[in-house]
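Working notes for the structure below.
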Amino acid sequence: MNSPTSALELRAPARWQRFIAPLITPEIFDFWAARVHPTLSWQRPLARVVERTQASVDAVTLRLKPNRHWAGFRAGQHVNLAVEVGGTRLTRSYSLSDAPRADGSIAITVKAIEGGRVSQQLFRAAKVGDVFDIGPAFGEMTIAASPQSPIALLAAGSGITPLMAMIRALAADGMPAPVTLMYWARTREEFCFADELRELAKKFPAFRVVFFLTRAEAASADERQGRIGNEAIALLADVEKHQVFACGPGGFTEAARTLVAATAQSFMAEAFTPPPQIVDETGEVEITLTRSQRTLTVPRGQSILSALEAQGVRPAHGCRMGICNTCACAKPSGTTKNLHSGNVNAEPALALRICINGATSNLTLDL
Amino acid sequence: MTKIANRVLSHTELEQFGAEIDALRARTTATLGQADADYIRRVVKAVRYMGMAGRGLLFVGAFFHAVLIPCWIAGTLLLGLSKILENMEVGHNVIHGQYDWMGDPKLNGKTYEWDIAGTGDNWRRSHNYSHHTWTNVRGMDDDVGYGLLRLFPEQRWKPFYLAQPIIAIVFAILFEWGVAIQELRLGRWFAGKTSHAQMRKLFRPVGRKMAHQILKDYVFFPLLAGPFFLPVLLGNVVANVLRNLWTYMIIFCGHFTADVETFSKESVKGESRGHWYVRQLGGSANISGGKLLNLLSGNLSHQIEHHFFPDLPANRYAAMSVEVRDICERYGQRYNTGSLPKQFGQVIWRILRHAWPSRSRHSIRVSTVPASGESFG
């Protein structure tokens with residue numbers, strides 16, 4: 001899924017803010033404001049946990065209340081959340097699992113991933129009152145208001161979350177078109193929202209849900225066994241009339257694409273891709289410079305500064321040995337390796353010293 | 001004072017020296033985490049509360065004349081301490097990028113702006129780059145006398161320097177303003193080497209920051225006290241001057257004590273990493289004291305460790321210094337440290353002595369000949 005280039009964006013200050021800006025900096029304002037109310041801020045979009053519920057055996061749903069600097073969302077969209085783990089702020093994208101609500105609160109459902117630092121932290125330790133920086137909503141996979149043609153939603157694992165937001169939005173709209181959800185998980189315990197989905201299916205004849213188990217036997221009428229394939233798609237009476245939305249791991253959405261993209265009325269998919277793994281130290285990678293809007297191919301493992309200079313780019317720099325911080329720039333995405341220490345960093349960073357770091361994957365730099 | 005001659009290190013020894021310092025850096029970096037994040041946030045909190053309390057007491061004193069004097073003294077001291085802590089332990093260290101690993105936009109080295117007349121941006125260049133990369137290299141590190149003072153015999157004497165005992169005092173009182181205009185290089189402008197148009201461009205951000213500080217400390221807060229503005233204004237002036245004197249003293253002790261060395265441009269050509277460390281060691285001096293001194297100096301009481309690891313959180317320097325000292329001892333390198341009165345006494349002596357013509361008694365020693373063709377590249 002494509003996240004915005006700058007993970008957490010700020011709005012332009014209002015007029016009264018420009019007026020008093022010479023007297024108080026946003027940092028000082030925020031320091032005292034946070035003592036009045038946890039999400040009161042000069043301009044930073046913040047969200048506070050107001051409710052925590054167990055969504056399944058390994059997932060938790062957090063209801064968040066964003067402050068007024070957050071601009072809202074459409075069902076199916078995602079947000080970036082900055083979570084502090086061990087003193088370091090890590091940014092992750094989460095799909096909003098609830099439809100837009102009148103009270104302005106939003107919900108994310110976080111599945112604890114083995115070895116996932118942020119998801120483990122949120123699953124184990126997030127509690128009511130915690131405050132996170134939140135980015136603007138993003139994502140193109142949304143449903144038009146009052147859809148006419150039937151809708152098929154294909155979800156695998158945590159891919160249910162943006163589709164759940166759509167289902168809730170459609171339910172609030174009285175299910176204006178027939179909606180079929182096919183939802184895959186390994187075992188029954190891993191299904192999120194199962195009770196709610198069955199309630200909705202009872203309430204709305206136009207809504208049908210089918211649970212697919214890949215590592216357990218089907219036991220009830222709305223359960224099936226097996227991976228995504230022709231048998232599953234055959235449950236849709238007339239694929240060519242359907243708008244199809246798929247969300248899940250890359251392999252799942254690709255399988256869905258192969259099965260229905262050519263025949264369905266429309267097909268949209270979003271895949272949760274795992275962070276890039278480093279395969280080798282040789283070869284070339286692409287560096288995208290967001291400010292100068294250039295993309296360059298450079299050798300892996302070379303100092304990024306030297307590699308850019310070899311291509312005629314002249315980034316600001318100083319000592320060339322990693323001490324003066326002049327060359328530090330934001331790295332919204334990609335994996336780098338510190339050439340002195342050998343440490344590898346796959347996290348988005350606000351300040352990457354390009355003189356002593358080499359690229360090990362494709363990178364985006366704020367240059 | 002006994003001078004311990006540094007042992008001249010062979011090329012291999014220099015490399016090993018550098019490798020040991022690098023290993024210490026790597027071990028420390030690996031343990032950065034929640035405790036460091038909590039520490040710097042605690043300091044920020046102390047800065048805010050002390051600043052608020054200081055300003056509050058100034059107002060109380062201004063409105064209730066019975067308690068004017070005790071409130072004014074306490075308020076001014078608290079405000080001064082808040083500024084010292086903000087400038088040294090938060091501002092200086094955050095601007096070095098020491099807490100960039102936290103990813104907290106409020107503690108980002110590239111954007112942090114501090115409560116002092118000089119802009120963070122100019123500081124990033126003159127201090128983080130020029131001073132830290134070329135520490136005590138004559139002609140490259142502007143902090144060698146700040147283009148105003150003659151502190152080393154290697155600087156050419158001029159009759160102007162006879163006035164430096166006075167100039168040094170005025171400079172100390174106005175230190176923040178001196179630092180604020182350092183990057184403008186007014187000397188070059190007076191000499192006609194910088195055009196008026198260039199100067200206007202250079203001055204714009206500097207002037208804006210100066211105006212901001214003046215407006216905040218000398219107009220806005222005093223005016224809040226209405227007719228009783230005078231004690232508030234004076235409190236702000238004195239707090240800023242106290243901060244100036246303190247930072248001046250700490251910074252001068254860091255590089256201008258009796259035994260620190262300066263270096264020629266030629267001696268640093270093609271420097272290796274080990275050689276760079278040895279030069280940082282020779283050009284820096286620590287101040288021994290307790291935890292309070294470490295805190296109030298922004299850990300510049302460990303100037304040597306700061307120059308070895310300018311981008312590591314300064315709250316780690318004290319612990320690292322044990323190992324740094326041991327490494328220096330094993331390689332026969334002097335580790336320059338002393339109490340604040342001793343170190344600052346030496347600084348004062350330098351200011352007085354080199355106001356007069358002086359000659360270097362020993363030629364400046366470069367620890368080794370840099371290996372050819374080896375550089376940081």
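The values are calculated or read from the model by the stated rules, or taken from the named source; none is laboratory data. None of these values were measured; they are calculated from a predicted model. Positions of Cβ are generated from backbone atoms using ideal geometry, with glycine treated the same way; all protein chains shown enter the neighbour counts.
Against the conditions (1) modelled with pLDDT under 95; (2) among the aliphatic types (A, V, I, L, M); (3) not assigned by TED's automatic domain parsing to the domain that holds A:R68, where does A:V118 fall short? Just the number, please.
Here A:V118 meets the rest and fails (3).
So which residues in the range B:78-118 are of a type outside the set (G, A, S) and more than 12 Å from every other protein chain (Cβ to nearest Cβ), if there are any at all? Full working, then the answer.
First pass over the range B:78-118, keeping only residues of a type outside the set (G, A, S): B:78-79, B:81, B:83-90, B:92-96, B:98-102, B:104-108, B:110-116.
Result: B:L78, B:L79, B:L81, B:K83, B:I84, B:L85, B:N87, B:M88, B:E89, B:H92, B:I116.
Conditions (1) over 22 Å from B:N108 (Cα atoms); (2) acidic (D, E); (3) part of a strand (DSSP E or B); (4) not assigned by TED's automatic domain parsing to the domain that holds A:V83, marked per residue:
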| site | (1), (2), (3), (4) |
| --- | --- |
| A:A12 | no, no, no, no |
| A:F19 | yes, no, no, no |
| A:L23 | no, no, no, no |
| A:D30 | no, yes, no, no |
| A:A34 | no, no, no, no |
| A:R52 | yes, no, yes, no |
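For the range B:34-61, which positions are free of Cβ contacts under 8 Å to residues at least 60 places away in the same chain, at the interface with chain A (Cβ under 7 Å from one of its Cβ atoms) and touching a helix residue (DSSP H, G or I) at 6+ places or on another chain (Cβ under 9 Å)?
B:R48
Quickly run through the range A:323-337 and pick out the residues that are modelled with pLDDT of 90 or more and at the interface with chain B (Cβ under 9 Å from one of its Cβ atoms).
Those that are modelled with pLDDT of 90 or more and at the interface with chain B (Cβ under 9 Å from one of its Cβ atoms): A:A328, A:C329, A:A330.
Mind listing whichever residues of the range A:340-354 are in a loop (DSSP other than H, G, I, E, B) and in contact with a Ser or Thr (Cβ under 6 Å, 6 or more places away or on another chain)?
So in the range A:340-354, the residues in a loop (DSSP other than H, G, I, E, B) come out as A:340-343, A:346-348, A:353-354.
Matches in the range A:340-354: A:A346, A:P348.
Could you identify the single residue in B:Y161, B:Y146 that is in contact (Cβ under 8 Å) with a residue 24 or more places away in the chain, out of contact with any Leu (no Cβ under 9 Å at 6 or more places or on another chain) and hydroxyl-bearing (S, T, Y)?
Result: B:Y146 is the single residue among B:Y161, B:Y146 that is in contact (Cβ under 8 Å) with a residue 24 or more places away in the chain, out of contact with any Leu (no Cβ under 9 Å at 6 or more places or on another chain) and hydroxyl-bearing (S, T, Y).
How about the range B:244-265: which of its residues are closer than 13 Å to B:W134 by Cβ and either of a type in the set (G, A, S) or crowded, with 21+ Cβ neighbours inside 10 Å (or both)? If you could, list the steps in order and put the result at the bottom.
Taking the range B:244-265 as the starting set, the residues that turn out to be closer than 13 Å to B:W134 by Cβ are B:255, B:262-265.
Answer for the range B:244-265, where residues must be closer than 13 Å to B:W134 by Cβ and either of a type in the set (G, A, S) or crowded, with 21+ Cβ neighbours inside 10 Å (or both): B:H255, B:T262, B:F263, B:S264.
Do we have B:A37 as of a type in the set (A, V, I, L, M, F, W, C), touching a strand residue (DSSP E or B) at 6+ places or on another chain (Cβ under 9 Å), part of a helix (DSSP H, G or I) and crowded, with 16+ Cβ neighbours inside 10 Å here? Walk me through how you get there before you give the answer.
On the way: of a type in the set (A, V, I, L, M, F, W, C): yes; touching a strand residue (DSSP E or B) at 6+ places or on another chain (Cβ under 9 Å): yes; part of a helix (DSSP H, G or I): yes; crowded, with 16+ Cβ neighbours inside 10 Å: yes.
Answer is yes for this residue.
Counting only residues that are within 13 Å of chain A (Cβ to nearest Cβ) and hydroxyl-bearing (S, T, Y), which one in the range B:1-33 is surrounded by the fewest Cβ atoms within 10 Å (Cβ to Cβ)?
Of all residues in the range B:1-33, those within 13 Å of chain A (Cβ to nearest Cβ) come to B:18-19, B:21-33.
Cutting the leftovers down to hydroxyl-bearing (S, T, Y) gives us B:28-29, B:31.
On the way: B:T28: 18, B:T29: 18, B:T31: 10.
The residue in question is B:T31.
Out of the residues in the range A:309-322 meeting the condition of being crowded, with 17+ Cβ neighbours inside 10 Å and in contact with a Ser or Thr (Cβ under 7 Å, 6 or more places away or on another chain), tell me which one is farthest from the other protein chains (Cβ to nearest Cβ).
Looking at the filtered set, the residue picked out is A:H317.
Taking A:A21 as the residue in question, decide whether it is over 25 Å from A:A351 (Cα atoms) and at pLDDT 90 or above.
Against the criterion (over 25 Å from A:A351 (Cα atoms) and at pLDDT 90 or above), A:A21 does not qualify.
For the range A:308-328, how many residues meet the condition of being free of Cβ contacts under 8 Å to residues at least 40 places away in the same chain and either outside any loop (DSSP other than H, G, I, E, B) or at negative phi (or both)?
Kept after step one, since they are free of Cβ contacts under 8 Å to residues at least 40 places away in the same chain, are these residues of the range A:308-328: A:309-312, A:314, A:316-328.
From the residues that got through so far, the ones that are either outside any loop (DSSP other than H, G, I, E, B) or at negative phi (or both) too are A:309-311, A:314, A:316-319, A:321, A:323-324, A:326-328.
Residues in the range A:308-328 being free of Cβ contacts under 8 Å to residues at least 40 places away in the same chain and either outside any loop (DSSP other than H, G, I, E, B) or at negative phi (or both): 14 in total.
What pairs come up if the first residue lies in the range B:291-306 and is closer than 13 Å to B:Y335 by Cβ, the second is part of a helix (DSSP H, G or I) and among the polar types (S, T, N, Q), and their beta carbons are under 6 Å apart, counting only those six or more places apart or on different chains?
Correct list of pairs: B:H302/B:S321; B:E305/B:S321.
Taking the stated definitions as given, is B:R48 more than 29 Å from B:D259 (Cα to Cα) and either of a type in the set (S, T, Y) or not in a loop (DSSP other than H, G, I, E, B) (or both)?
Considered against the rule, which asks whether it is more than 29 Å from B:D259 (Cα to Cα) and either of a type in the set (S, T, Y) or not in a loop (DSSP other than H, G, I, E, B) (or both), B:R48 comes out as yes.
I want to confirm something. Restricting to the range A:104-137 and keeping residues that are free of Cβ contacts under 8 Å to residues at least 60 places away in the same chain and among the β-branched types (V, I, T), which single residue is farthest from the other protein chains (Cβ to nearest Cβ)?
Top of the filtered list is A:I106.
Please go through the range A:55-91 and give me each residue that is part of a strand (DSSP E or B), more than 14 Å from chain B (Cβ to nearest Cβ), of a type in the set (S, T, N, Q) and touching a helix residue (DSSP H, G or I) at 6+ places or on another chain (Cβ under 8 Å), ordered by number. Walk me through it before giving the result.
First, pick out the residues of the range A:55-91 that are part of a strand (DSSP E or B): A:55-56, A:59-66, A:78-85, A:88-91.
Those still in the list that are more than 14 Å from chain B (Cβ to nearest Cβ) too: A:55-56, A:59-66, A:78-79.
Checking the rest, the ones that are also of a type in the set (S, T, N, Q) come to A:56, A:61.
A:S56 - this is the single residue of the range A:55-91 that is part of a strand (DSSP E or B), more than 14 Å from chain B (Cβ to nearest Cβ), of a type in the set (S, T, N, Q) and touching a helix residue (DSSP H, G or I) at 6+ places or on another chain (Cβ under 8 Å).
Restricting the search to the range A:176-190, which residues are surrounded by 24 or more Cβ atoms within 10 Å (Cβ to Cβ) and in contact (Cβ under 8 Å) with a residue 60 or more places away in the chain?
Once the filter is applied, which keeps residues that are surrounded by 24 or more Cβ atoms within 10 Å (Cβ to Cβ) and in contact (Cβ under 8 Å) with a residue 60 or more places away in the chain, the range A:176-190 yields only A:W184.
For A:D173, work out the one condition from (1) in contact (Cβ under 8 Å) with a residue 60 or more places away in the chain; (2) among the acidic types (D, E); (3) outside the structural domain of A:Q43 (by TED's automatic domain parsing) it doesn't fulfil.
With respect to (1) in contact (Cβ under 8 Å) with a residue 60 or more places away in the chain; (2) among the acidic types (D, E); (3) outside the structural domain of A:Q43 (by TED's automatic domain parsing), A:D173 is out only on (1).
Those residues that are surrounded by 16 or more Cβ atoms within 10 Å (Cβ to Cβ) and part of a loop (DSSP other than H, G, I, E, B), I need them from the range A:114-134; list them, please.
Correct list: A:G116, A:A126, A:D130.
Can you find, within the range B:62-87, the residue that is nearest to A:G87 (Cα to Cα) among those that are surrounded by fewer than 21 Cβ atoms within 10 Å (Cβ to Cβ) and free of Cβ contacts under 8 Å to residues at least 24 places away in the same chain?
B:A74
Need at least 3 residues that are surrounded by fewer than 14 Cβ atoms within 10 Å (Cβ to Cβ) per element, so show me which helices (runs of 4 or more DSSP H) inside the range B:180-234 make the cut, counting only ones lying wholly within it.
Values: elements: B:186-190, B:196-214, B:221-224.
It comes to B:186-190, B:196-214.
If you take the residues in the range A:207-258 that are among the aliphatic types (A, V, I, L, M) and under 24 Å from the mean Cα position of the chain (by Cα), which one is farthest from A:W184 (Cα to Cα)?
Step one: filter the range A:207-258 for residues among the aliphatic types (A, V, I, L, M), giving A:209-210, A:213, A:216, A:218-219, A:221, A:228, A:232-237, A:239, A:244, A:246, A:255-256.
If we keep only those that are under 24 Å from the mean Cα position of the chain (by Cα) as well, we get A:228, A:244, A:246, A:255-256.
Numbers: A:I228: 8, A:V244: 15, A:A246: 11, A:A255: 13, A:A256: 12 Å.
In this case the residue turns out to be A:V244.
Within the range A:127-155, track down each residue that is small (G, A, S) and modelled with pLDDT of 95 or more. Spell out how you get there, then give the answer.
As a first pass, look at the range A:127-155 and keep what is small (G, A, S): A:129, A:135, A:137, A:139, A:144-146, A:149, A:152, A:155.
Within the range A:127-155, A:G129, A:A152, A:A155 qualify.
Given the condition exposed (fewer than 15 other Cβ atoms within 10 Å of the Cβ) and touching a residue at least 60 places away in the same chain (Cβ under 8 Å), answer yes or no: does some residue in the range A:335-356 qualify?
Yes, the range A:335-356 contains at least one residue that is exposed (fewer than 15 other Cβ atoms within 10 Å of the Cβ) and touching a residue at least 60 places away in the same chain (Cβ under 8 Å).
Here is a check on your reading of the model: is B:V90 buried (at least 21 other Cβ atoms within 10 Å of the Cβ) and of a type in the set (V, I, T)? Can you show your working first?
Details: buried (at least 21 other Cβ atoms within 10 Å of the Cβ): yes; of a type in the set (V, I, T): yes.
Judged against the criteria, B:V90 is a match.
Which ones in the range A:92-103 are away from chain B (no Cβ under 13 Å) and of a type in the set (D, E, K, R)? Even if it seems obvious, please write down each step before you answer.
Of the residues in the range A:92-103, the ones away from chain B (no Cβ under 13 Å) are A:93-103.
Once the filter is applied, which keeps residues that are away from chain B (no Cβ under 13 Å) and of a type in the set (D, E, K, R), the range A:92-103 yields A:D98, A:R101, A:D103.
Checking the condition in the same structural domain as A:A232 (by TED's automatic domain parsing) and under 23 Å from A:E51 (Cβ atoms), which residue from A:A165, A:A107, A:A156 passes? Let's see the steps before the verdict.
On the way: A:A107 fails: in the same structural domain as A:A232 (by TED's automatic domain parsing); A:A156 fails: under 23 Å from A:E51 (Cβ atoms).
None of the other options fit; the residue is A:A165.
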